[in-house]
Structures are given as structure tokens and as C-alpha cells.
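See structure below.
Laboratory data are not the source of any read-out in this text; all were calculated from the coordinates shown. Keep in mind it's a predicted model, so treat the numbers as computed, not measured. Cβ placement follows ideal geometry from the backbone for every residue including glycine, while neighbour counts extend to all protein chains displayed.
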Amino acid sequence: MKKLLRYVASGMILFMLSGCGYNVMQQNEEAVKAAWGDVEATYQRRSDLIPNLVETVKAYAKFEKDTLTQVTEARAKVGTVQMSKDVLDDPKKFEEFQAAQNSMSSALSRLLVVVEKYPDLKANQNFMDLQHQLEGTENRINVARTRYNKTVETFNASIRTFPNNLTNKFLLHLKPKEPFKAAPGAEKAPQVTF
Amino acid sequence: MKKASASFFVLLLFLPFAVEAANIPAPRGYVNDYGNMISSSTEADLATKLKTFEETDSTQLVVLTVPSLEGEPLEDYSIKVAEAWKIGQKGKDNGILFLVSREDRKMRIEVGRGLEGKLTDLTAGRIIDLVVKPRFKAEDYDGGFIAGVSALIDATRGEFTADRRTPSGGQGPYVPFAGEMPSWFAFLMLMGFFAFFAAVARSRARHNRLSRRGLRRSGRGYPPYPGGYYGEGWSTREEKDSDVDSGGGFSGGGGSFGGGGASGSW
């Protein structure tokens with residue numbers, strides 16, 4: 001009889017847990033993690049492209065040492081930002097990651113603007129190929145970030161709405177995740193100066 | 001005044017739907033020439049080519065031309081269309097969207113995740129730069145589309161092969177009445193089969209000769225019907241039905257896109 005009662009009680013608890021969003025929140029968190037994996041992969045892809053790009057540009061644009069150095073430095077900095085698992089839960093670390101990637105983006109866009117001065121380089125097949133790869137990668141980053149933000153939105157909403165917020169408060173203790181924000185100054189196109 | 005503002009709010013409520021409908025056109029087939037860039041004979045040729053390609057390789061390649069992007073970034077628009085149309089087979093993610101905007105003089109090849117290995121951003125970029133762009137520049141749009149589609153097919157051929165159940169022939173010979181049968185009825189029928197065979201087996205154990213004749217006689221009315229196949233055949237058939245309504249023989253399989261591909265202008 002006691003055994004039966006225990007079964008009934010555990011069954012009730014299971015039922016209550018699924019009714020209060022326990023599983024939903026876990027699923028949403030996993031979705032955020034998966035989307036974050038995509039974001040990281042696309043940024044990594046960009047970092048991998050850069051040495052090749054720098055080498056190609058170097059051969060044609062010898063006088064653009066500064067710009068090239070900036071790109072290389074930005075890449076090195078991205079590499080030093082420690083990617084740990086809790087970057088999603090820690091707004092400060094997330095900010096760091098985003099700042100490093102943003103400085104990388106702006107260094108790259110400056111480089112691509114500078115390149116306009118060198119018609120030989122622009123006509124180079126190797127450079128054209130790299131440019132396609134870079135564009136493709138930037139686009140992937142964009143898509144991955146948008147999707148990540150969507151999953152974060154779902155997740156954050158799911159831990160804040162009733163009755164999930166109670167479950168979270170007493171059982172799960174999940175923190176809201178950080179979405180990507182537009183980079184400051186991203187609305188301005190880089191200036192061309194000759 | 002109050003009335004005016006009220007109706008304004010009602011209008012606002014409908015705004016999102018209106019915008020969405022204007023942005024993404026409905027798929028008409030493999031070739032969607034909303035920008036009027038392709039002659040009708042070429043359009044028909046391309047459509048047949050793309051249909052056969054899907055039948056053999058299951059890869060879905062869809063062409064879309066629009067008159068203008070209306071200020072929207074090309075990449076945003078193309079991934080929206082690719083996702084809305086669900087180009088490519090589910091799980092294989094082998095869809096390609098070839099998008100051209102006439103007035104912006106821009107084009108993009110959007111590549112599904114499953115094809116990114118074969119049709120890299122680089123390959124897609126070269127197809128745009130070396131195959132399509134020169135022809136578009138010479139205003140040979142038909143030639144550009146034909147050459148571009150051929151190049152895309154050549155680049156992706158062999159990456160995937162069609163399943164036994166070809167996507168365009170959803171109504172397999174093994175699915176009788178699939179269009180009309182609700183799923184609970186199918187379930188009942190399956191249960192009926194089990195009960196029937198169980199009964200036969202039991203009665204056969206008892207008196208052998210008589211029951212065997214019984215099996216032959218009552219088994220006649222039933223179609224040959226492998227159970228595991230049924231669920232799939234049913235759902236594709238349903239999809240096919242809805243796509244016949246939209247006309248053109250293309251229906252998205254649910255492939256996913258990750259932003260791969262290349263863009264260009266002419």
C-alpha cells in the first residue's frame with residue numbers, strides 16, 4: 001500500500017513538472033546553446049580566412065601596413081577572448097566577446113575600403129575568391145546571430161512567464177541569456193579617404 | 001476623430017500581414033519569373049530540366065526573379081524566401097535558390113546547408129562572376145539563366161540521390177486510397193489486419209484445411225499493404241495535393257539554410 005502511494009506521488013510530481021514548464025525551459029536552453037554553437041563556428045570561419053586575405057592584400061598593397069596590422073591585431077585579440085561555457089550566462093564576458101568581434105569587423109571593413117584603391121588587386125582572381133568567401137562568411141555570421149537572438153528571446157520569455165518563473169526560481173535557477181546588439185556606429189558606412 | 005483613429009488602429013493590426021504578403025511571392029514552380037526576365041520557351045525548358053534534376057538527385061533548385069527588392073538587403077530577402085518556400089529535402093538540406101532582382105541588377109545564389117560542401121561560397125561566386133554576369137551584362141538574360149542553372153546542376157550533381165520514393169511522384173503504387181483515408185481509419189485497418197491474421201493462425205492450428213481456404217477467400221478483398229510504408233506515403237501525398245493547387249510541380253521539402261552562397265551584381 002505504501003509502495004503504491006509512493007508510485008502515485010512520483011507520478012504526480014512528474015505530471016506537475018511537465019505542467020510547470022520544467023521541460024520546456026530545458027529545451028529552450030538547449031536550443032540557445034545549439035544556436036550559440038553556430039555563431040561560434042561562423043566567427044571561427046572568419047578568423048580562419050583572415051591570414052589568407054592579409055597575405056593576398058599584402059602582395060599588392062604594400063603601403064597599407066597600418067590597416068593590415070590592425071586586422072592582424074584584431075584577429076589575435078579575438079583569439080585571446082576565452083571562450084568558456086558560461087559566456088552565455090555572464091553578460092560581462094558576452095560583452096567582451098562581442099567587442100572583440102566588432103573590432104575585427106570594423107578592421108576588416110576598413111581593409112576592404114582601402115582595397116578600392118588598387119585595381120590590380122581587385123581584378124586578381126585569388127582576391128575575388130577571398131572576397132566571396134568573406135562575404136559568405138559575414139552573411140553566415142549575420143544569419144547565425146539572428147537565429148541565436150530568436151532562440152534567446154524564446155528562452156528568456158519562457159523563464160519569465162508564469163508559472164515557469166516559479167519553477168525556475170525554486171528548481172532550475174537559469175539566468176536570462178544575452179542577445180546580440182548592433183555594434184555602436186554600425187549604422188554608418190566606413191568612409192573612403194584618399 | 002475618434003472614429004478615424006480607431007480605424008487607423010485596425011489598419012495597423014492588418015499591416016504586418018499585408019507587408020509579409022507583398023514581400024514574399026508564392027512559389028509558382030521551379031522557375032518563378034516575377035521580374036519578367038525569361039522568355040516563356042526558356043522558362044519551360046528550365047522548369048523541365050529542374051524537375052528531372054529533382055527526380056534523379058532530389059536536390060531542389062529554384063529560380064526566382066523579382067522586379068525590385070524595394071530597398072531590402074538582397075541577402076535578407078533571399079534567405080527569407082528560401083526559408084518560406086522550404087527549398088530542399090528535410091534532413092538533406094539540399095536546396096538552392098537562384099534569385100535575381102531586375103532593377104537592382106543584383107543576384108544571389110543561396111545554398112542549403114547540405115550542399116555547402118560541394119557548392120561552396122567560392123564556387124557559387126565563380127558561377128556568378130564567370131558564367132552568369134558576362135551574359136547578363138550583354139543583356140542575354142535567357143542565356144545567363146540557362147548557363148547559370150546548368151553550372152549549378154553540374155556543381156551539385158551526385159551529392160545526393162533521390163530515394164526510392166521520388167519526391168515528385170509521391171503517390172507510390174503501394175498506397176491505395178491514400179488520398180481519401182484518414183489516419184485513424186488506417187490505424188483501425190492495421191488493427192483489423194492483426195486481428196484477422198491472429199484469428200487465422202489460431203483457427204489454422206485447430207483445423208488446417210478448412211481455414212486455409214478461408215484465408216484465401218477473405219484475403220482477396222484487401223490490397224497488398226506493407227504497414228511501415230504507409231505513414232510516409234500519406235504525408236507526401238497530402239503535400240503533393242496542396243502543391244498541385246499552387247501549380248507548377250514544385251513543393252518545398254523542408255530544407256534548411258545557414259546563409260551560405262554568394263551574391264553579385266552586373
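The charge dipole of chain A, taken about its Cα centre with unit charges on the Cβ atoms of Lys, Arg (+1), Asp and Glu (-1) only, comes to about 820 debye.
With Kirkwood's inverse mean 1/r over C-alpha pairs for Rh, give me the Rg to Rh ratio of region A:55-107, two decimals please. Using Cα coordinates only, the ratio equals 1.15.
Here the Karplus relation 6.51 cos²θ - 1.76 cosθ + 1.60, evaluated at θ = phi - 60°, turns the backbone of region B:95-103 into coupling constants of x, 9, 10, 10, 10, 10, 10, 5, 6 Hz, with x for every Gly and Pro.
Seen through its C-alpha gyration tensor, with square-root eigenvalues sorted a ≥ b ≥ c, region B:59-111 comes out prolate because a/c lies at 1.5 or above while a/b is bigger than b/c.
Applying 0.36 nm per residue to the separation of A:Lys169 and A:Lys2 and subtracting their alpha-carbon distance, the gain on full extension is 57.0 nm. Using only the Cα atoms of chain A, build the gyration tensor, take square roots of its eigenvalues as a ≥ b ≥ c, and label the shape rounded, prolate or oblate: rounded if a/c is under 1.5, else prolate if a/b is larger than b/c, else oblate. Cα axes put chain A in the prolate bin. Taking the Cα-to-Cβ direction at B:Ala138 and at A:Lys181 and moving 7 Å from each Cα, how far apart do the two end points lie in nm? Distance between the two pseudo-spin positions: 5.3 nm.
Once you reduce region A:33-101 and region B:40-110 to the center of their Cα atoms, the two points are 32 Å from each other. Helices of chain A meeting both criteria, an alpha-carbon length of 20 angstrom or more along the long axis and an average Kyte-Doolittle score not below 1.0, with helices taken as full DSSP H segments, do not occur. Note on A:Arg140, B:Arg126, A:Arg160: ascending count of other Cβ atoms within 10 Å places them as A:Arg160, B:Arg126, A:Arg140, the fewest first. Shielding of peptide B:123-132 by partners, expressed as the average count of other chain Cβ atoms within 10 Å per residue Cβ, is 2. Taking label positions 7 Å along the Cα-Cβ direction at both A:Val24 and A:Asp66, the computed distance is 5.5 nm, reported to one decimal.
Peptide A:128-134 shows a mean partner chain C-beta count of 5 within 10 Å per residue C-beta.
Average partner chain C-beta neighbours within 10 Å, per residue of B:66-75? Don't jump to the answer; show the numbers that get you there.
Working: counts 0, 0, 0, 0, 0, 0, 0, 2, 1, 7.
Per-residue shielding by partner chains comes out at 1.
Model label sites at A:Thr80 and B:Thr52, defined 7 Å from Cα along the beta-carbon direction, differ in position by 6.0 nm. For B:Asn23, project a label point 7 Å along Cα to C-beta. Then give me every residue of region A:122-164 with its amide nitrogen under 15 Å of that point. Label zone hits: A:143, A:146-147, A:150.
Structural descriptor for chain A: relative contact order 35 percent, calculated from alpha carbon pairs under 8 angstrom and at least 6 residues apart. Exposure proxy ranking for B:Lys92, A:Lys122, based on other Cβ atoms within 10 angstrom of each Cβ and starting from the fewest, stands as A:Lys122, B:Lys92. In the structure shown, the pairs B:Lys51/B:Lys133; B:Lys86/B:Lys133; A:Lys93/B:Lys106 are assessed against 30 Å; a Cα-Cα span above that value is assigned to A:Lys93/B:Lys106.
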